[in-house]
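Shown next, in structure tokens, is the structure this report addresses.
The values are calculated or read from the model by the stated rules, or taken from the named source; none is laboratory data. These numbers were taken from a predicted model, which means no experiment stands behind them. Please note: Cβ atoms are built from the backbone with ideal geometry, for glycine as well, and neighbour counts cover all protein chains shown. Side chains are part of the model used for accessible areas, which takes the heavy atoms of the whole protein and leaves out ligands, DNA and RNA. Shrake-Rupley method; radii C 1.70, N 1.55, O 1.52, S 1.80 Å.
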Amino acid sequence: MKAEPRGSTDGMPAWAAARSELSEVLVGLTDLQLRTIVTTRMAPAIYLLCVAGVAAINIYLSVLVFGYSLALGLAWTLLIMPVLFVSGVVVVRVALEVILSIFRILVNLETLMGHVVTLKGQTETIVDRTEIIELPRIQFWKPRRSRKNQDQDDGQSGTDAH
């Protein structure tokens, strides 16, 4: 799922779109009653901060290992650090996508509840209108007769034939 670049579809310059997005995020951050969800808009910034944090941790560990020995520092920097960096970025990305998926599910559930309430109101209106009109009852199945009644009917029909 790729996001379209903002600003290009609205005819708005990219800097104006970024400024508008930033102002929406700042307004959302000042919402003390938490009525608006700004996490989805802040996700790119959160992702960049986390990737920078993973890089900073790796550089810090590399400096520590270089303090022990030059050979261990080179081995760490060339072999272990890239693997740790990539795996850290993958973990951050997966965690952020899981959180965003939960938010999307919540937004979709709110939309669904709105549709359900609308449908409930419409069906109640239909039921209220049909109760006013007397509609004929249509029976779609025959009632089951008991075995005893069926035997009696067979016996009577056999005597009627003679």
Those residues of the stretch 17-33 that are surrounded by 12 or more Cβ atoms within 10 Å (Cβ to Cβ) and among the acidic types (Asp, Glu) come to a total of 2
With respect to SER87, determine if the residue is modelled with pLDDT under 90 and farther than 28 Å from GLU21 by Cα.
no
Taking the residues in the stretch 1-16 that are surrounded by 11 or more Cβ atoms within 10 Å (Cβ to Cβ) and over 25 Å from SER101 (Cβ atoms) as candidates, determine which candidate is modelled with the lowest pLDDT.
GLY7
I'd like the full set of residues that are part of a helix (DSSP H, G or I), surrounded by fewer than 15 Cβ atoms within 10 Å (Cβ to Cβ) and among the small types (Gly, Ala, Ser), limited to the stretch 34-85.
ALA45, ALA52, GLY53, ALA55, ALA56, GLY67, ALA71, ALA75
Just one of the numbered conditions (1) open to solvent by less than 100 Å² (accessible area, probe 1.4 Å); (2) in contact with a helix residue (DSSP H, G or I) (Cβ under 7 Å, 6 or more places away or on another chain) is not true of VAL90; which one?
(2)
